[in-house]
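Peer 1: Supplied in structure tokens, the structure appears directly below.
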Amino acid sequence: MATCDQLLAVSMAPGSPGPALDDAPLGPGAIAVPFGGGAVGEGTVWAVSVDGDKPAVGSGIALSLGPRDHVYGAVRSSDLADRLTSGHRLADVAAPFAAVLVDGSSVIAATDYLGLRHIYGVEGEGWAAISTSARLLARLANTSLDRDALGAYRLIGHHLGTATPYAGVTKLPAAARWRLAAGRLHVEPYSIAAGEPAPDAPTAVRRTAAMLRATIERCLDEHPDAVLQLSGGLDSRVLLGAIPASRRRGLRALTLSSAKSHDNVIATRLAESYGLRREVIDLGRLATLRPEGAYELVHRAALRSDGIGNPIAFAVLDWAEAQAPGEPRINGFGGEMARAFYYPAQRPHARPTPALVDRLATWRIFTLEPADEAMFDPEYAAATKAATLGRLRSIFVGYDTDWLSATDEFYIQERAHRWVGATLTGACLRYVTLGPLLHPEFLAAARALPPETKRGSRFNARVLTELDADLATIPLDTGMRPRDLLAGPPASTARNAYDFARRANRKIRQRLRRSGNPGVGVPTVTRHLVGHWRANPHLLDPVAASGIVRTEWLAEMLAGTREPSEATAAFLAIMEVAAGG
């Protein structure tokens, strides 16, 4: 089975000239595989292999390293091809995952059941295409920027649904296949088996803990060289708790953090207590970057990610990962899906209402990563804010559940889908990504529980306590001990709940920066990036010409009379790439 990091598949209807294509649209090294009758003009897949295996007709092409099942056994190439053809058991492949199958008349593409591995599609007049690059598809279709999608992104920090920065270019939905044939793109959802929900919270905790123990054991059996990504937070603590005590000593671990951060202090304590062999990638060393180096990091990250996610945060991650081990990585992605992300200051309600959605958007969804509103024309800012609120209301109304559970679904189906997914889309080609908390049983347990069981991360804390009660007594990077999160009625723990919410919100902002210390990481790269733009203002000419960012604001920023926030600078970096063609 070939594994590829770049792919473009184009199909033309009979008699259609198709899009204007270069001889090698992916650049040098791409292998062309014709389909649909054998003539290159009818349909062709171009792919750049990362492992030397040549893509072939009838064989699956993996778009993530080492497709695995949910207990991390390898999925054979022939089995993957059968699943892509039939649509059966695709939900049994662990996220993040995507693959393409080239058969005699069509191309089939599928992503994981959460849609975390991003791939994109577009339809033109008499032709259609799929690719790992949304930007490439936008160039082929000669399409414009999607002003509404960018307007939502500037408020939220991630795209909604299947939107991209480019009009007409969409992301493959979660739990779905695309079939590309005869110049058309057909979407086909696939089924996800629903397990029997636990009858009560204690049973859910026991079942989840047992599943994690079994999954981690099998994971270490299949990947004895695996590295545990260890932070001072709760999710990596749960994974450490699932590892049998006999297998902890000598286990390799990795921490991406400032060496002086509280996050690193807690991770150090854990590593020393349990005999882990830990490596620290010190984000504080980003301070040694020069402005041109920071710009190159961000620009490459923006190009690689197509402007889908925050390129400054991705640049910090790219810098760190260049120094990190390439062995399979056990990470805690997915844990926040069960941690009641949007619950602070929210009360139970029977159903979502427009007023509840608007209040949550104003208080939380729009305040985590908004770009500076002053950079936009007031009419555009007002219109896109109204459109985004309307879109959010429509999304929440579609969740057939109570208000708090609806906020969980928004986190899973929107924020994790697009924000976490954009991160994992880059990671899954650097190393084999092992995410036990992305297991469908973990997510199903979280979805089935009443909201008060999840509020304040209680469910995850209870799972950790079931796995290893001693680990639940060691403070988290928020300062709270996991066992304290199990406290009873809110009236008796109001101060603890307030303190936890305040610290959790601070931690959210730090995680958005990919740093445990606000003095390093993203803020450092942002400062250097802005300095480089000011020394080379022509770089932002495409942004000025886009009509989305006010030229007066841009001139003031370049002159130094406006200092852009991190989210604002990230939006400009996206626009530089998206508007630059």
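Peer 1: Does VAL420 satisfy being in a helix (DSSP H, G or I) and farther than 23 Å from ALA253 by Cα?
Peer 2: No.
Peer 1: When the range 118-129 is examined, which residues are found to be surrounded by fewer than 24 Cβ atoms within 10 Å (Cβ to Cβ) and within 30 Å of ASN331 (Cα to Cα)?
Peer 2: Answer for the range 118-129, where residues must be surrounded by fewer than 24 Cβ atoms within 10 Å (Cβ to Cβ) and within 30 Å of ASN331 (Cα to Cα): ILE119, GLY121.
Peer 1: Of these, LEU476, LEU464, which one is modelled with pLDDT of 85 or more and assigned to a helix (DSSP H, G or I)?
Peer 2: The match here is LEU464.
Peer 1: If you don't mind, another one. For ALA209, are the conditions met, namely being closer than 15 Å to LEU437 by Cα and open to solvent by less than 10 Å² (accessible area, probe 1.4 Å)?
Peer 2: Answer is yes for this residue.
Peer 1: Looking only at residues that are of a type in the set (S, T, N, Q) and in contact (Cβ under 8 Å) with a residue 12 or more places away in the chain in the range 537-572, which one is least open to solvent (accessible area, probe 1.4 Å)?
Peer 2: The extreme case among them is THR568.
Peer 1: Could you grab me the full set of residues in the range 1-19 that are hydroxyl-bearing (Ser, Thr, Tyr) and buried (at least 18 other Cβ atoms within 10 Å of the Cβ)?
Peer 2: Residues satisfying the conditions are THR3, SER11.
Peer 1: Could I ask something else about it? Considering the range 30-75 alone, what residues qualify as being charged (D, E, K, R) and either more than 14 Å from ALA2 (Cβ to Cβ) or part of a strand (DSSP E or B) (or both)?
Peer 2: Those that are charged (D, E, K, R) and either more than 14 Å from ALA2 (Cβ to Cβ) or part of a strand (DSSP E or B) (or both): GLU42, ARG68, ASP69.
Peer 1: I would also like to ask the following. Just for the range 247-264: of the residues that are more than 24 Å from the chain's Cα centre (by Cα) and open to solvent by 20 Å² or more (accessible area, probe 1.4 Å), which one is farthest from GLY284 (Cα to Cα)?
Peer 2: The selected residue is ARG247.
Peer 1: Criterion first (within 25 Å of the chain's Cα centre (by Cα) and at pLDDT 95 or above) does ARG277 satisfy it?
Peer 2: Against the criterion (within 25 Å of the chain's Cα centre (by Cα) and at pLDDT 95 or above), ARG277 does not qualify.
Peer 1: Checking ALA94 against (1) in contact (Cβ under 8 Å) with a residue 12 or more places away in the chain; (2) over 30 Å from GLY332 (Cβ atoms); (3) open to solvent by 10 Å² or more (accessible area, probe 1.4 Å), only one condition comes out false. Which one?
Peer 2: (2)
Peer 1: Could I ask something else about it? Out of everything in the range 177-216 that is in contact with a helix residue (DSSP H, G or I) (Cβ under 9 Å, 6 or more places away or on another chain) and among the β-branched types (Val, Ile, Thr), what residue ends up being farthest from ARG247 (Cα to Cα)?
Peer 2: Filtering the range 177-216 for residues that are in contact with a helix residue (DSSP H, G or I) (Cβ under 9 Å, 6 or more places away or on another chain) and among the β-branched types (Val, Ile, Thr), the one farthest from ARG247 (Cα to Cα) comes out as ILE192.
Peer 1: Ok, one more. Within the range 106-116, is even one residue assigned to a helix (DSSP H, G or I), open to solvent by 10 Å² or more (accessible area, probe 1.4 Å) and of a type outside the set (Ser, Thr, Tyr)?
Peer 2: no
Peer 1: With the checklist (1) modelled with pLDDT of 95 or more; (2) farther than 21 Å from TYR113 by Cβ in hand, flag the one item ARG177 doesn't pass.
Peer 2: It is condition (2) that ARG177 fails.
The values are calculated or read from the model by the stated rules, or taken from the named source; none is laboratory data. Since the model is a prediction, treat every value here as computed from it, not as a measurement. Neighbour counts run over all protein chains shown; Cβ positions are idealised from the backbone, glycine included. What goes into the accessible areas is simple: the full protein's heavy atoms, side chains included, and nothing from ligands, DNA or RNA. Shrake-Rupley method; radii C 1.70, N 1.55, O 1.52, S 1.80 Å.
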